Each structure stands twice: as C-alpha cells, then as structure tokens.
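**Q** This is the structure I want to talk about, given as structure tokens.
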Amino acid sequence: MRISARADYAVRAALQLAASPDGGPLKAETIADAQEIPHKFLEGILNDMRRGGLVLSRRGGNGGYRLARPAGEISIADVIRVVDGPLVSVRGVRPPDLSYTGPARSLLPLWIALRSNVREILEGVTLADVAAAELPDSVSALTDAPDAWVNP
C-alpha cells in the first residue's frame, strides 16, 4: 500500500487544524509553512477537504480553515478518502469488483483481508488521537514488533 503525497499532506494539514488553539481558523499559508507543504498544492487539498465536509473555510482578515467537526470525530481514513478515494484498490478497482480465475482465485480474499486490516487501523485512529500522540493500543502494539521498523 502506498500513501500518496496528497494524502500525507491532507492528514498533516488536518492535524495542524486539530492542534489549533480553540479550533480557530488557520490560514492556508500558516498550515503550509508549519507542515512544509507547497502552498498551491495545499490549496487544492483544502478545497477537496472543504467539498468533502471535513473543513470549513471563511474569507477575510479573520478567515481561514477549521475542522468541520471535532477532531475526535474525524478518522485518518476520512481524510484519505476525501483526497484520494478508496483506501485499497487494485488497478483502480475496489476488491469486491474484481474476479480471478485458476491459481489466482485466492487473490480476491487476500485483497479483501488487506482492505479489512487497513480499514481497521485507519478508521480506528482519529485526528485527536494522533494530535495528542495517543494512538490506540492496538495500533501501538503493531509498532512494537522489531520487523515493523525494517524495510525488507
């Protein structure tokens, strides 16, 4: 599974908004500078997040972006889906829409299992969890395995 730059930037921007004092609006420039995200790229991401109902925007001197819901109600999966679409696809197709034959037949349940695990993690972690550095125990446990930190 690959996390696109767009998804990474969107999650980082959402976390910056989640950490905003009193949930006040932040300007795109402020978010871009704080997270080292190209400003023009971020503008498009924030527009997608606004259209997806994750952020609200207000123009003017006191304007900017803020989360549309409390950070504890927005999962990491919500953010990724808004900017990148489905969490897991194969050749751009969602696993239930695939079919295989012969010795490849068991690939379908493998892709479904992968999607299930990705969903379990990304839907089970909220912006508030990450912003507070308090990942759920089930997620933290996965990082305890020494092989989790090694690239094969």
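The values are calculated or read from the model by the stated rules, or taken from the named source; none is laboratory data. Please read these numbers as outputs of a predicted model, since none were measured by experiment. Counting neighbours? That spans all protein chains shown, and the Cβs are built from the backbone with ideal geometry, glycine included. Ligands, DNA and RNA are excluded from the accessible area calculation, which covers all protein heavy atoms including side chains. Shrake-Rupley method; radii C 1.70, N 1.55, O 1.52, S 1.80 Å.
**Q** With Cβ to Cβ distances under 14 Å as the rule, what net charge do the other residues near residue 60 carry (K, R +1; D, E -1)?
**A** On the way: positive: 27, 58, 59, 66; negative: none.
Summing Lys/Arg as +1 and Asp/Glu as -1 gives +4.
**Q** Loop-only GluC sites (Glu not before Pro) in the stretch 27-116, please: DSSP not H, G, I, E or B, and at most 14 other Cβ atoms within 10 Å. Don't skip to the end; give the middle numbers.
**A** On the way: sites: 29, 36, 43, 73; in loops: 36.
Within the stretch 27-116, the qualifying GluC sites (Glu not before Pro) (loop, at most 14 other Cβ atoms within 10 Å) are 36.
**Q** One quarter of the convex hull surface, Cα atoms only: what value does that give for the chain in nm²? Don't skip to the answer; put the middle values down first.
**A** Values: hull surface 43.4 nm².
Average of the hull's projected areas for the chain equals 10.8 nm².
**Q** Of 10, 99, 145, which is farthest on the positive side of the dipole of the chain, counting Cα position, with +1 on Lys and Arg Cβ, -1 on Asp and Glu Cβ, and the Cα centre as origin?
**A** Final value for the positive-end residue is 99.
**Q** What percent do you get for the relative contact order of the chain when only Cα pairs under 8 Å and 6+ apart count?
**A** Values: 168 pairs, mean separation 35.4, N = 152.
The value is 23 percent.
**Q** What are the semi-axes of the equivalent ellipsoid for the stretch 2-42, taken as the square roots of 5 times the Cα gyration tensor eigenvalues, largest first, in whole Å? Write down the numbers at each step before the final one.
**A** On the way: eigenvalues 66, 28, 8 Å².
Value: 18, 12, 6 Å, ordered largest first.
**Q** Over the stretch 89-152, what is the relative contact order in whole percent, taking alpha-carbon pairs under 8 Å and six or more residues apart? All intermediate terms of the calculation are to be shown ahead of the outcome.
**A** On the way: 20 pairs, mean separation 10.1, N = 64.
RCO, the stretch 89-152: 16 percent.
**Q** May I pose another question? Taking the solvent-accessible surface of protein heavy atoms with a 1.4 Å probe, what is the per residue accessible area of the stretch 1-82 in Å²?
**A** Details: 4420 Å² over 82 residues.
Accessible area per residue: 54 Å².
**Q** Note down the magnitude of the dipole of the stretch 16-152 about its Cα centre, charges +1 on Lys and Arg C-beta and -1 on Asp and Glu C-beta and zero elsewhere, to the nearest 20 debye. Provide the component values of the computation, followed by the final result.
**A** On the way: 14 positive and 17 negative charges, 154 e Å.
Charge dipole of the stretch 16-152: 740 debye, to the nearest 20.
**Q** Ok, one more. Hey, got the dipole for the stretch 65-137? About the Cα centre, +1 on K and R Cβ, -1 on D and E Cβ, debye to the nearest 20?
**A** Details: 8 positive and 9 negative charges, 86 e Å.
Computed charge dipole of the stretch 65-137: roughly 420 debye.
**Q** Is the C-alpha gyration tensor of the stretch 10-79 telling us rounded, prolate or oblate? Criteria: a/c under 1.5 is rounded; beyond that, a/b larger than b/c is prolate, otherwise oblate. Provide the component values of the computation, followed by the final result.
**A** Values: a/c = 1.34, a/b = 1.15, b/c = 1.16.
In terms of gyration-tensor shape, rounded.
**Q** Hey, another quick one. Taking square-rooted eigenvalues a ≥ b ≥ c of the alpha carbon gyration tensor, is the stretch 103-152 rounded, prolate or oblate, where a/c under 1.5 means rounded and, failing that, a/b exceeding b/c means prolate? Could the numbers behind the result be given before it?
**A** Values: a/c = 3.59, a/b = 1.66, b/c = 2.16.
Oblate, because a/c is 1.5 or more while a/b does not exceed b/c.
**Q** Can you list which of the trypsin sites (Lys or Arg not before Pro) found in the stretch 66-144 are DSSP loop residues with at most 15 other C-beta atoms within 10 Å? Walk me through the numbers on the way to the answer.
**A** Numbers: sites: 66, 81, 91, 105, 115, 119; in loops: 91, 105.
Those that pass, being in a loop and sparsely packed, are 91, 105.
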